[in-house]
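To keep things clear, I will list the structure first and then write my remarks on it.
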Amino acid sequence: MFPTVREVLALDPVRHGAPRLVAGEAGLDRPVRWVHVAEVPDIATLLGGGELVLTTGIGLPGDDAGLRAFIGDLADVGVSGLVVELGRRYGSAVPRVMAAAAERRGLPLVELRRATPFVRITEAVHALIVDAQLTELRATEEIHQRFNDLSVEGADTAEVIRQAAELSGCPVVLENLSRQVLGYDPAGESAELLLDGWEQHSRRIRPAGRTAYDPDSGWLVTTVGARGQDWGRLLLRWPASGDVPSARAVEPIAGPPTRLTILIERAASTLALGRLIRRDAEGLERQIHRTLLTALLDHSRPVDEVGLRAKALGVVLDRRHLVGVMVRHRADDPAGEAGPEAAQARLRDLAEAVGQALREAKLTALTSAVDDNSVGALLALPDPAAEDRALSAFASALRRVRLDAGAGRPGPGAEPARSASSVDPARSDPSRAAVGADPSRAGFGVDPSRVGSGVDATRPGVGVDPLRGAGPGAVIVAAGSGVGTLREARRSLVEARQIAEAARRDRRDLPIFRLPHVGLAGLLHLLRDEPRLQTFVERELGALLEYDARHPRERLLDTLRAYLEQGRNKSAGAAAAHLSRPAFYERLARIARILDVDLDSVEASLSLHVALLALEAVRTP
């Protein structure tokens, strides 16, 4: 934003004075915040730093000690440089003691060997400063306008990061609370070098404040979050190159320009706002579509109202045994089906298949697409004893329908699902079937807990049998625990959704996944994008992770993992870690000191073990 001493010396009014640098060449790239004319020796007390001081020297001390003190005071206050006009006090050169003192302190000392009106220098420099400030204001205005447009347009995370990198010319990285990269733009540099060993590198970036610059690492950092819930950090590297420019090599980097601080904060606000909008979008969709199943999941309508409206549709939910079911593809969109239209068509096919299977199994249910990948159903059964039989019949019918329909496309004899949200075996009118499976509305109702999860809807699947295993067309059927009232229905639906998501890591081909099939690791994998889980990991293991980042050869985290995985058996842990017992015991003692915990405590060890499993889940795509 400000001109440097080097740039000031190149101005015509200064060149008219035949300037000669006599000391402090290393400081020529210091910024000049202002120009101040002074003829008194104690001027330093009136300065704030960053000034270029002009003087004829007539009021400077006559003794060597006084000149050294004068130069020392200027350097201490942080002036950019000292320009002395020769002729009035000093004839052909400034005193050697002044030049030597300036050289020691790295303070640029310039002689003007020809008389020059100081007012011309101040006018020229101040014009540069004002022009730079206007340029900075224009850049700031562009930043605000650009990110306002991005917010209004609902730009995705990648676009916000790209714009931040483009406007700044610097690499930009977005990470979650566990230091995992959510998005980045290298700004033309090597992405491999930028992200190599990112987690350890990021843990060494420790700015003092919500938005601050860490001069040791060269990163400008701001926290990303809203409504009191932080979920990540946005980082911008300054200077943009990997090496500190030679112009700044002799002194610490003061920090990035103000506009970059504004830019990174606006980018973070846009990211946080975009996440809130995506979370609230399905609320608006609910008001439009008024889907009963989504209303149950999101508490958007009173339960009694949902029951009355469902009964009006012919689906009786009162005094029924209710079971939440979720059906989703095991893999995300396979190769060749990228794009929102293809994703909606794929989801629509699945919704149609679920509605057809419910009709064939003669089951009454509310059914609807509940997020971008899943179709939910709330089965209404006459009694709890019918639960297993009904779920088996539904799973068999779904497989049969998908087989007949070519793994997702209705065959010649298949009846498409209608725009109702119920399936009633007592009524054969197809217009009353599969309420909520309206193809035109299949993509609405995104689950807020899945926003920002990193699920890539264009990632190809594995090309195997589309009806079984892990192929791109294979589906998972998950069921929650049965409940006896409509007020408990949400718990069953949410449980089914969690099971379906966690079961994606399970390679077993089960007709129905239930809660006993999903262990703790699966549950933690499901919650890997939850900021509260990441905060728990940081609280439990953050100190140890930071220690390992500073001492990568010790790998104390692996030592702790071996100890806990061996049931706190130190001998077995030492063998698993390939360490001698004394070395293993010493490492355990060090871990206990770093984390300030008692590793002999069952409760403390359990908490650490869960945190380790959660860390693995966070690190696993």
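Kindly indicate whether any position in the range 131-140 is out of contact with any Phe, Trp or Tyr (no Cβ under 7 Å at 6 or more places or on another chain), open to solvent by 40 Å² or more (accessible area, probe 1.4 Å) and more than 30 Å from ARG15 (Cβ to Cβ).
Within the range 131-140 (the criterion being out of contact with any Phe, Trp or Tyr (no Cβ under 7 Å at 6 or more places or on another chain), open to solvent by 40 Å² or more (accessible area, probe 1.4 Å) and more than 30 Å from ARG15 (Cβ to Cβ)), the answer is no, since none of the residues qualifies.
Please enumerate the residues belonging to the range 600-619 that are open to solvent by 50 Å² or more (accessible area, probe 1.4 Å) and outside any helix (DSSP H, G or I).
Hit for the range 600-619 is ASP600, nothing else.
So which of GLY81, GLY59, GLY48 is of a type in the set (Gly, Ala, Ser) and modelled with pLDDT of 90 or more?
Just a single option satisfies the conditions, and that option is GLY81.
Give just the number: which of (1) modelled with pLDDT of 90 or more; (2) surrounded by 15 or more Cβ atoms within 10 Å (Cβ to Cβ) does TRP34 not satisfy?
(1)
Show the residue pairs that are 6+ apart or on different chains and have beta-carbon atoms under 8 Å apart, the first residue being within the range 583-609 and in contact (Cβ under 8 Å) with a residue 60 or more places away in the chain, the second being charged (D, E, K, R).
SER607/GLU540; LEU608/GLU540
Which one of these does ALA124 not meet: (1) touching a helix residue (DSSP H, G or I) at 6+ places or on another chain (Cβ under 6 Å); (2) open to solvent by less than 10 Å² (accessible area, probe 1.4 Å); (3) closer than 29 Å to LEU86 by Cα?
Evaluating ALA124 over (1) touching a helix residue (DSSP H, G or I) at 6+ places or on another chain (Cβ under 6 Å); (2) open to solvent by less than 10 Å² (accessible area, probe 1.4 Å); (3) closer than 29 Å to LEU86 by Cα leaves (2) as the failure.
Can you tell me which residue is most open to solvent (accessible area, probe 1.4 Å) among those in the range 209-241 that are part of a loop (DSSP other than H, G, I, E, B) and farther than 13 Å from VAL172 by Cα?
ARG227
Can you confirm whether VAL77 is in contact with a Leu (Cβ under 8 Å, 6 or more places away or on another chain), surrounded by 16 or more Cβ atoms within 10 Å (Cβ to Cβ) and within 21 Å of LEU9 (Cα to Cα)?
no
Look at VAL110 and say whether it is part of a helix (DSSP H, G or I), touching a Pro at 6+ places or on another chain (Cβ under 8 Å) and open to solvent by less than 70 Å² (accessible area, probe 1.4 Å).
no
Select, from LEU297, LEU284, the only residue that is closer than 29 Å to GLU153 by Cα and either at pLDDT below 80 or not hydrophobic (A, V, I, L, M, F, W, C) (or both).
LEU284
Here are some conditions: (1) at negative phi; (2) open to solvent by 50 Å² or more (accessible area, probe 1.4 Å); (3) not aliphatic (A, V, I, L, M). GLN180 meets all but one. Which one does it not meet?
Against the list (1) at negative phi; (2) open to solvent by 50 Å² or more (accessible area, probe 1.4 Å); (3) not aliphatic (A, V, I, L, M), GLN180 comes up short only on (2).
Looking at the range 183-196 only, could you name the residues that are open to solvent by 40 Å² or more (accessible area, probe 1.4 Å) and among the charged types (D, E, K, R)?
Passing the criteria: GLU189, GLU192, ASP196.
What strands (runs of 3 or more DSSP E), lying completely within the range 1-63, carry at least 2 residues that are touching a residue at least 60 places away in the same chain (Cβ under 8 Å) and closer than 26 Å to ARG259 by Cα?
It comes to 34-37.
Being within 23 Å of ARG348 (Cβ to Cβ) and either open to solvent by 10 Å² or more (accessible area, probe 1.4 Å) or within 31 Å of the chain's Cα centre (by Cα) (or both) is the filter here, so list the residues in the range 478-497 that pass it.
Scanning the range 478-497 gives ALA478, LEU493, ALA496, ARG497.
Could you tell me whether any residue of the range 197-205 is open to solvent by 30 Å² or more (accessible area, probe 1.4 Å), charged (D, E, K, R) and under 30 Å from ALA26 (Cα atoms)?
Yes: one or more hits.
Have a look at ALA589, ALA611, ALA617 and point out the one that is small (Gly, Ala, Ser), closer than 27 Å to SER202 by Cβ, at pLDDT 90 or above and within 35 Å of the chain's Cα centre (by Cα).
ALA611
Which one of these does GLN344 not meet: (1) part of a helix (DSSP H, G or I); (2) of a type outside the set (A, V, I, L, M, F, W, C); (3) surrounded by 16 or more Cβ atoms within 10 Å (Cβ to Cβ); (4) at pLDDT 80 or above?
(4)
Among the listed residues ALA99, ALA18, identify the single one that is farther than 29 Å from LEU134 by Cα and either touching a Pro at 6+ places or on another chain (Cβ under 8 Å) or crowded, with 17+ Cβ neighbours inside 10 Å (or both).
None of the other options fit; the residue is ALA99.
The values are calculated or read from the model by the stated rules, or taken from the named source; none is laboratory data. Computed from a predicted structure; not experimentally measured. Note that each Cβ is placed from the backbone with ideal geometry, even for glycine, and that neighbours are counted across all protein chains shown. Heads up: the accessible areas ignore ligands, DNA and RNA and are worked out on the full protein's heavy atoms, side chains in. Shrake-Rupley method; radii C 1.70, N 1.55, O 1.52, S 1.80 Å.
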